[in-house]
1. Highest mean first, how do 170-177, 111-118 rank when packing is the count of other Cβ atoms within 10 Å averaged over residues?
2. Starting from the Cα of LYS32, draw a straight line to each of the lysines and keep only those under 24 Å, dropping any in the same chain fewer than 8 residues away.
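Please treat every number below as a calculation from the coordinates, not as lab data. Because the structure is a prediction, the values reported are computed rather than measured. FYI the Cβ positions are ideal-geometry reconstructions off the backbone, even for glycines, and counts take in every protein chain you see.
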Amino acid sequence: MPKYLSSIIILGLTLGGGAAVAALDHHKKGEKTAAQKAAEQLANMTDAQRRALNTTPITADRYPAPPSPHYGPQKGSIEFTDRDPGPTIGGTIRMKPAVDEAGRRLNEAEAGITMYMIHWGLEVGEPGTQDDAGAGDLGGDCMGFRDTGHVVAMPADEAGDVLSWEIPMGTKVPKEAVYFVGHTLYGRIHNLGKCTQTPIHNVIE
């Protein structure tokens, strides 16, 4: 088993915007994964809470940007292939790490990047993705991010040229979640001005 699967750090976001930190041990039988816990968190919200979540602006005072220059995962680099033929999902999700303005791979330790993370991304505004394009609330490419639980995470010092995780078969996509949203962390600062997203394609045979 890859080292990162046993050392993923849970940085689950609450509606208040705080980060709860706990270790996830994948060797424990019956232990729920981050994706499953996040899906349950969103599933337990009322419709009113979800609607409020979708329409709450992400403001700079709540999510301050890291000191410049700061970087996120390569734009448009999230790839997911659903191998679960039912209403749930499962399979490999990949994302490319941060690069500088010239497209060169960054040294995360030197740049101050401590973590890579992918969240569930919800609908924004009206149903459908047509109004979700363009700059996000903090200038990034992540309109779908709305304080949702994260799906996977990896310490930056374990990242290679491509970050790869396994989402377990049978993972339920939270209600109204339509995106995977990836971003970097600088310490505890979620770098939401430099994030990227891709639609979730759930294959049902």
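1. Result, highest mean Cβ count within 10 Å first: 111-118, 170-177.
2. In chain and number order, the partners are LYS3, LYS172, LYS175.
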